[in-house]
Amino acid sequence: MATFAVSSGTINPLTRTLPLAKNTKPLSLFSLSISLSLKASKTPLRASSMSYDKQLAAAKKAASLAVRLCQKVQKALLQADVQSKSDKSPVTVADYGSQAVVSVVLQKELDSASFSLVAEEDSGDLRKEEGKETLQRIMKLVNETLASDETYGNAPLSEEDVLAAIDSGRSEGGPSGQHWVLDPIDGTKGFVRGDQYAIALALLDEGKAVLGVLACPNLPLSSVASHNPQDPQEKVGCLFYAQVGSGTYMQSLDGSTPIKVHVTDLDNPEDASFFESFEAAHSLHDLSSSIAKKLGVKAPPVRIDSQAKYGALSRGDGAIYLRFPHKGYREKIWDHAAGYLVVAEAGGVVSDAAGNTLDFSRGRYLDLHEGIIVTNQKLMPALLKAVKESLNEKSSSL
């Protein structure tokens, strides 16, 4: 059990801090709650006998507010907004801000003492001297976003509050208890280009994905096949959500009536279209091409950034999604958890290249055989066969 040296006294109403023992740095109440929640014990909850309506409502609200922040940044993307992490992938002010907003909203809406969040970002770079200006911008954006919803506008967050909210995502997840899983901006390169990205939020219960939300601000409400980015009248902005046992729904981000969606029932692979990652660095396009050729697929691949692919596939825009990362890459759970449930509840199948279901109970990473394949139940046998043959050919040619 975590212990803190707290001296007697009352909360300072101006600083919202607790007086601590001598030589102990004060923590804001928000930061203290984050520290406690990272260490709090979790009571096991059974996915099969639970309703997650309250968590779903909170997740939709959190993702929708994060979209507001991201859209504001994307409209006026400045060079200063893009930093470079140690792995050289771009990280934006919106990435950090989105994670902070989702963390704050989930904790305020659910008031959970055992809050656990597995997320992509941490505040390490922001705590450095060269990150101070960026942190100021993030804090301003987060407070403006929260203030846009009257529920959260009364008490602006401090810098330390924002840093603590970001760092709440340091949970390791695992097979016990409930864990939120977040990619604050999935498809950062697409975001920087002004293209597709998603706020991807899922809930794991006892290691199983039980809730998934995908907010896709630039995904058209109609099929991507008929999408015309030059048409200013075309409506974009989709919110997909799924709860285990309840199906998958889509609505516009501005709040249209939700409609239930389902994957395509196509059974002839020759007529299938398939999605793959936009960036060649994210997936082996030549391997995907070999698999498509074996299936007899005639249509060219549709390349889209982010888990927006999962959303598009869940409503039948395409029939197959192939992802084969380069050797040595380890998939993270936040890159697939939300999309996995959105497709599964829409009647689709998500597995690794050997046909094994994805296991989100092992911490922050997925242990996979080769890659990830997604399709409907009718096409999966033929797809698995083509994948196996293509992988064998690839191995024998090395």
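The values are calculated or read from the model by the stated rules, or taken from the named source; none is laboratory data. All figures in this text were calculated on a predicted structure; none of them were measured in a lab. Please note: Cβ atoms are built from the backbone with ideal geometry, for glycine as well, and neighbour counts cover all protein chains shown. What goes into the accessible areas is simple: the full protein's heavy atoms, side chains included, and nothing from ligands, DNA or RNA. Shrake-Rupley method; radii C 1.70, N 1.55, O 1.52, S 1.80 Å.
Data table
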{"item": "Segment 139-247, accessible surface, carbon-and-sulfur percent (1.4 angstrom probe)", "result": "49 percent"}
{"item": "Cα convex hull of segment 107-228, projected area averaged across orientations, nm²", "result": "9.8 nm²"}
{"item": "With every protein chain in place, segment 269-397: carbon and sulfur % of accessible area (1.4 Å)", "result": "48 percent"}
{"item": "Lys pairs, segment 254-393 - Cα-Cα below 27 angstrom, 8 or more residues apart or on other chains", "result": "26"}
{"item": "Accessible area per residue in Å² at 1.4 Å probe, computed on segment 288-387", "result": "37 Å²"}
{"item": "Segment 307-361: Cα Rg divided by the 2.2 N^0.38 Å rule of thumb", "result": "1.11"}
{"item": "Segment 52-260 - accessible surface per residue (Å², probe 1.4 Å)", "result": "41 Å²"}
{"item": "Residue order for H369, H179, H227 - accessible surface, 1.4 angstrom probe, largest first", "result": "H369, H227, H179"}
{"item": "Rounded Å value of the spacing that divides the Cα centres of segment 312-347 and segment 211-257", "result": "16 Å"}
{"item": "Scaled radius of gyration (Cα, divided by 2.2 N^0.38 Å) that segment 269-397 gives", "result": "0.96"}
{"item": "Computed over segment 52-260, Cα set: Rg, Dmax in Å", "result": "16.7, 49"}
{"item": "Under-5 Å amide H pairs with V302, H placed in peptide plane, nonlocal only", "result": "F274, F275, E276"}
{"item": "Cα-centre dipole for segment 269-397 with unit charges at Cβ (Lys and Arg positive, Asp and Glu negative), debye to 20", "result": "100 debye"}
